[in-house]
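First up is the structure itself, then whatever we jot down about it.
The values are calculated or read from the model by the stated rules, or taken from the named source; none is laboratory data. Please read all numbers here as calculations on a predicted model, not as lab measurements. Counting neighbours? That spans all protein chains shown, and the Cβs are built from the backbone with ideal geometry, glycine included. For the accessible areas, the whole protein counts, side chains as well, though only heavy atoms, and no ligand, DNA or RNA atoms are used. Shrake-Rupley method; radii C 1.70, N 1.55, O 1.52, S 1.80 Å.
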Amino acid sequence: MNRREFIKTSAAILALSALGGCKKEEIAKAAKRGTMTYREFPGIGAKISLLGYGLMRMPKTGNGPEIDKEKGFALIDEALKGGVNYFDTAWFYHDGLSETFAGEALSRHPRDSYYLASKLPMRLLESGEQAEEIFNKQLEKCKVDYFDFYLLHNLNGPLWEKTLKNGAVDFAMTLKGKGKIKRLGFSFHGENKDFPKILDYTKWDFVQIQANYYDWDTFSKEQYEEAAKRGIPVVVMEPLRGGELAKLRPDAREVLEKAEPGSTPAKWAFRYIAEKENVLTVLSGMTQMEHLKENLTTFSPLEPLSDEEEKTLAAALKTYKEAGIVPCTACRYCTPCPVGVAIPDIFKIYNDYRRGVRISQTKKAYEALGSDAMATSCVECGACLKKCPQSIEIPKELKRIHKEIEG
Ligand code: SF4
Ligand code: SF4
């Protein structure tokens, strides 16, 4: 049995365990289209859908953070119907509105039909008392008595030093002892050198890292392996780098299209990362129903890439990387800029240009932001640099982009 067959069969068995049987004919049936792949790990004590729902990019009613509830509810219902049972929200998502939405949408379903994850906003946190206040508010917003999964949000080296002083880990452990948190983890957006010491500090049930085929060799692989060798399952975030890997560029897309006509870049990206055996779930921030439906198909069941397909994906990545696209995931952690520079919007306009949008159209979109929001307003204060999890040299990139578009 080759690796592909092995993983495919394992996925089928895991999918089957959700159905409560494991005869050969049932395994074959479970591997058919329409059956979500699930993962189980000894310490997790739950069957988790390999496709998880990230609630940071829900459909909006306008340009603000407000979520379109009607569309959002329909997405959540469809996801549950398709077998997704892991939902991930956070204090910061949608400027504080994501948890409220999660509560409203999910409380229409039985509490045992979904696993809910939320996060303690470490950037904000100064003391244990504040942590308690935030946590209670989160339970209230999410309309739950406990969180199935709870994370210290967005740790990195400097934030970890602060975390050691503000008592957040002890606070979370106490809540776990009381059953208010079922599984404790952290999400990480830092340098690899700081990762092992956080992993070793306490008994984490899981960890959330950024992983995709673009970042794999740069930092994701090392983090994944550090977690795997400690037996800590991994929740994958940014499998599409904020949607960038779903778009790619026409020339890179062509490489994939040739190898598998009719497939999509997103499907390739999911298949690459989700097949890794220490992955518990892969979070996708699905804004549109067609994306959700496509992803449900991709994960029902998940079919790993063959060695040949991995080579094809590497070739597409090479083409894509040569295009000079800014690796912005549109997370908006860098906002608001104190002088109003529209950082993620500028990067989006530029990346669309590198993907083939005409320069005249690009210039128009860039100038439509208004002079205050354009790159020339940047005073190089450096505030955004500390917040960007992708370590983008924002002021430098802004200067370069302005020159390229206006030049
Ligand atoms: S460095 Fe420039 S873009 Fe970044 S926060 Fe400061 S002014 Fe805004
Ligand atoms: S520049 Fe960095 S922090 Fe800002 S949206 Fe992009 S990835 Fe996020």
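Applying the criterion of being within 15 Å of LYS348 (Cβ to Cβ) and within 12 Å of ligand 1 (Cβ to nearest atom) to the residues of the stretch 389-401, the residue that is modelled with the lowest pLDDT is ILE392.
For the stretch 305-312, the count of residues that are surrounded by 14 or more Cβ atoms within 10 Å (Cβ to Cβ) and within 30 Å of LEU80 (Cβ to Cβ) is nonzero. Residue pairs whose Cβ atoms lie under 8 Å apart, separated by 6 or more positions or on different chains, with the first residue in the stretch 361-388 and in the same structural domain as PHE347 (by TED's automatic domain parsing) and under 12 Å from GLU406 (Cα atoms) and the second part of a helix (DSSP H, G or I) and near ligand 1 (Cβ under 8 Å from one of its atoms), are ALA375/LEU398. Of the residues making up the stretch 343-357, just one is within 22 Å of the chain's Cα centre (by Cα) and among the aromatic types (Phe, Trp, Tyr), namely PHE347. Only residues that are open to solvent by 80 Å² or more (accessible area, probe 1.4 Å) and assigned to a helix (DSSP H, G or I) were counted across the stretch 115-135, and they come to 3. Residues that are open to solvent by 10 Å² or more (accessible area, probe 1.4 Å) and in contact with a Lys or Arg (Cβ under 8 Å, 6 or more places away or on another chain) within the stretch 158-171 comprise just one, LEU159.
For ASN351, the test of being in a helix (DSSP H, G or I) and away from ligand 2 (no atom under 12 Å from the Cβ) is failed. Of all residues in the stretch 222-250, those satisfying the criterion of being more than 17 Å from the chain's Cα centre (by Cα), open to solvent by 60 Å² or more (accessible area, probe 1.4 Å) and touching a residue at least 24 places away in the same chain (Cβ under 8 Å) are GLU222, ARG230, PRO250. Taken over the stretch 322-336, the residue count meeting the criterion of being more than 9 Å from ligand 2 (Cβ to nearest atom) and in contact (Cβ under 8 Å) with a residue 40 or more places away in the chain is 2.
Looking only at residues of the stretch 74-100 that are more than 23 Å from THR298 (Cβ to Cβ) and open to solvent by 10 Å² or more (accessible area, probe 1.4 Å), we find that the one that is nearest to the chain's Cα centre (by Cα) is TYR93.
Residue-wise test of (1) open to solvent by 40 Å² or more (accessible area, probe 1.4 Å); (2) within 16 Å of ligand 1 (Cβ to nearest atom).
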{"position": "GLY324", "(1), (2)": "no, no"}
{"position": "CYS328", "(1), (2)": "no, yes"}
{"position": "ALA342", "(1), (2)": "no, yes"}
{"position": "ASP345", "(1), (2)": "yes, yes"}
{"position": "TYR350", "(1), (2)": "no, yes"}
{"position": "GLY370", "(1), (2)": "no, yes"}
{"position": "ALA383", "(1), (2)": "no, yes"}
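The residue of the stretch 386-405 that is nearest to the chain's Cα centre (by Cα), among those that are part of a helix (DSSP H, G or I) and near ligand 2 (Cβ under 9 Å from one of its atoms), is LYS387.
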